[in-house]
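Q: Please read through the structure below; I'll follow up with questions.
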Amino acid sequence: MREPYETPIADMSGRVVLVTGATAGLGYATAAGLGRSGATVLVHGRTGEKAEQAVRVLGNAPEVEATRYVAVHADLSSLDEVRRLVSQVHELAPDGLDVLVNNAGAQFSERRLTSDGIEMTTAVVHLATAVLSQLLLDHLRVAARRAQVPAQVVNVTSMNERIGKPVTDWGYDSGYGQVRAYSNAKLMALAYTYAMARRVDDGEVTFNAADPGAVFTDFGRKAGGSAAVLDRVLRPVAPLLIAGPEKAARRSVLRALAPDAVGRSGGFYAKGAARTSSKRSRSTATIGQVEALTDERLAALEIVTDAC
């Protein structure tokens, strides 16, 4: 039986949300659901063309105002582009950002490096998430004080985090593998979510993670390599066995924004409820290691981390 589309998320009227990687799949479904809840949604795409196209389609839905969706764009593998995205958010949401959903992800069949010398998957999945969380933190606090409701950061994780490990070599000078790099990046992003929840304890901004589980999208096909092979094998039966983006968004990201989750920090949501992530992701040693490695990298990139 199909689940009802409505999800008991908080009334988002008057609030502004940024969803990264929102032009397709889980991010698109998340943006659609938040728009229906009354939020103004900044729909992020890697290019302006993709973001504008998504906004046009989202705005055609009969139950929402077209102006509820606003396009923003940036290539999250580039630090300069991430900074430009932050500037767009400040310009479009001068009264603060109420919710940040770090959903954008990437996989690459072959090792590729950014201009900063970081492997691309690590840069998009983990580093960009950390940078946006840090550079938008004060803007999230502004929104919390305006609305008198905690601002929320939701980082989309993956079941792959269970086979991931923290790594010190973010350029993968040796031992690169598509699944390995993705799993490690998801593990580090999740551990850093927990680190931020512990660090930012002022009650103004919360940090939680959402695991959508297996989702039937084009992510694997577009990633190439082993992910594309798996996609070809599963695609004929996937609609019968794997949740679509709408259902996955309801049971993970939108669930993390439900009324009973507002104000809670350091949580992990999956399958429609608060759950427990891997033992490694929750260990003090892992969280401390990832926090130190990430903050060191941010300092090298001249990004000041929050020191609450």
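The values are calculated or read from the model by the stated rules, or taken from the named source; none is laboratory data. Only a predicted model underlies this, so the values are computations on that prediction, with no experimental measurement involved. Using ideal geometry, Cβ is built from the backbone for each residue, glycine included, and neighbour counts are taken over all protein chains shown.
Q: Taking residue 280 as the residue in question, decide whether it is modelled with pLDDT under 55 and part of a helix (DSSP H, G or I). I'd like the intermediate steps shown before the answer.
A: Numbers: modelled with pLDDT under 55: no; part of a helix (DSSP H, G or I): yes.
No, not satisfied.
Q: I would also like to ask the following. Of all residues in region 134-152, how many are out of contact with any helix residue (DSSP H, G or I) (no Cβ under 6 Å at 6 or more places or on another chain) and outside any loop (DSSP other than H, G, I, E, B)?
A: Of the residues in that region, 13 qualify.
Q: Every residue in region 281-308 that is closer than 18 Å to residue 80 by Cα, within 20 Å of the chain's Cα centre (by Cα) and β-branched (Val, Ile, Thr), please.
A: 294, 303, 305
Q: For region 68-91, which residues satisfy the criterion of being in contact with a strand residue (DSSP E or B) (Cβ under 8 Å, 6 or more places away or on another chain) and of a type outside the set (A, V, I, L, M)?
A: 68, 69, 73, 88 - these are the residues of region 68-91 that are in contact with a strand residue (DSSP E or B) (Cβ under 8 Å, 6 or more places away or on another chain) and of a type outside the set (A, V, I, L, M).
Q: Identify the single condition in (1) assigned to a loop (DSSP other than H, G, I, E, B); (2) in contact (Cβ under 8 Å) with a residue 40 or more places away in the chain; (3) surrounded by fewer than 20 Cβ atoms within 10 Å (Cβ to Cβ); (4) of a type outside the set (A, V, I, L, M) that residue 162 does not satisfy, given that it satisfies every other one.
A: Of everything listed in (1) assigned to a loop (DSSP other than H, G, I, E, B); (2) in contact (Cβ under 8 Å) with a residue 40 or more places away in the chain; (3) surrounded by fewer than 20 Cβ atoms within 10 Å (Cβ to Cβ); (4) of a type outside the set (A, V, I, L, M), residue 162 misses just condition (1).
Q: Evaluate the following for residue 161: is it closer than 21 Å to residue 292 by Cα, in contact with a Leu (Cβ under 8 Å, 6 or more places away or on another chain) and not hydrophobic (A, V, I, L, M, F, W, C)?
A: yes
Q: Here is a list of conditions, (1) modelled with pLDDT under 55; (2) under 19 Å from the mean Cα position of the chain (by Cα); (3) surrounded by 16 or more Cβ atoms within 10 Å (Cβ to Cβ), and residue 256 meets all of them except one; can you say which number that is?
A: (1)
Q: Evaluate the following for residue 130: is it buried (at least 22 other Cβ atoms within 10 Å of the Cβ), in a loop (DSSP other than H, G, I, E, B) and not aromatic (Phe, Trp, Tyr)?
A: Answer is no for this residue.
Q: Name the single residue that is farthest from residue 279 (Cα to Cα) among those in region 182-205 being buried (at least 24 other Cβ atoms within 10 Å of the Cβ) and of a type in the set (Val, Ile, Thr).
A: 205
Q: Further question: Just to be sure before I move on: is residue 303 out of contact with any strand residue (DSSP E or B) (no Cβ under 9 Å at 6 or more places or on another chain) and buried (at least 21 other Cβ atoms within 10 Å of the Cβ) in the structure I sent? Give the steps one after another, and end with the answer.
A: Details: out of contact with any strand residue (DSSP E or B) (no Cβ under 9 Å at 6 or more places or on another chain): yes; buried (at least 21 other Cβ atoms within 10 Å of the Cβ): no.
So residue 303 does not fit the description; no.
Q: Further, regarding this structure: For region 106-116, indicate whether the set of residues that are among the hydrophobic types (A, V, I, L, M, F, W, C), closer than 25 Å to residue 131 by Cβ and surrounded by 21 or more Cβ atoms within 10 Å (Cβ to Cβ) is non-empty.
A: Yes: region 106-116 contains one or more residues that are among the hydrophobic types (A, V, I, L, M, F, W, C), closer than 25 Å to residue 131 by Cβ and surrounded by 21 or more Cβ atoms within 10 Å (Cβ to Cβ).
Q: Here's a follow-up. Can you work out which of the residues in region 174-203 that are polar (S, T, N, Q) and not in a loop (DSSP other than H, G, I, E, B) is farthest from the chain's Cα centre (by Cα)? Walk me through how you get there before you give the answer.
A: Restricting attention to region 174-203, the residues satisfying the condition of being polar (S, T, N, Q) are 174, 178, 183-184, 193.
Remaining after also requiring not in a loop (DSSP other than H, G, I, E, B): 178, 183-184, 193.
Details: 178: 19, 183: 15, 184: 16, 193: 11 Å.
This residue is 178.
To keep it simple, each residue is scored yes or no on (1) more than 18 Å from residue 101 (Cα to Cα); (2) of a type in the set (A, V, I, L, M, F, W, C); (3) modelled with pLDDT of 95 or more.
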{"position": "162", "(1), (2), (3)": "yes, no, yes"}
{"position": "177", "(1), (2), (3)": "yes, no, yes"}
{"position": "184", "(1), (2), (3)": "yes, no, yes"}
{"position": "190", "(1), (2), (3)": "no, yes, yes"}
{"position": "194", "(1), (2), (3)": "no, no, yes"}
{"position": "198", "(1), (2), (3)": "yes, no, yes"}
{"position": "201", "(1), (2), (3)": "yes, no, no"}
{"position": "204", "(1), (2), (3)": "no, no, yes"}
{"position": "207", "(1), (2), (3)": "no, yes, yes"}
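Q: So which pairs qualify, if the first residue must be in region 84-99 and of a type in the set (D, E, K, R), the second must be surrounded by fewer than 18 Cβ atoms within 10 Å (Cβ to Cβ), the Cβ gap must be under 6 Å, and the two must be at least 6 apart or on different chains?
A: Note: pairs meeting the criteria are 95/146.
Q: Right, next: Can you name every residue in region 106-120 that is of a type outside the set (A, V, I, L, M, F, W, C) and either outside any loop (DSSP other than H, G, I, E, B) or under 20 Å from the mean Cα position of the chain (by Cα) (or both)?
A: We begin by selecting, within region 106-120, every residue of a type outside the set (A, V, I, L, M, F, W, C); these are 107, 109-112, 114-117, 119.
Within region 106-120, 107, 114, 119 meet the criteria.
Q: Being of a type outside the set (A, V, I, L, M) and modelled with pLDDT of 95 or more, is that true of even one residue in region 57-70?
A: yes
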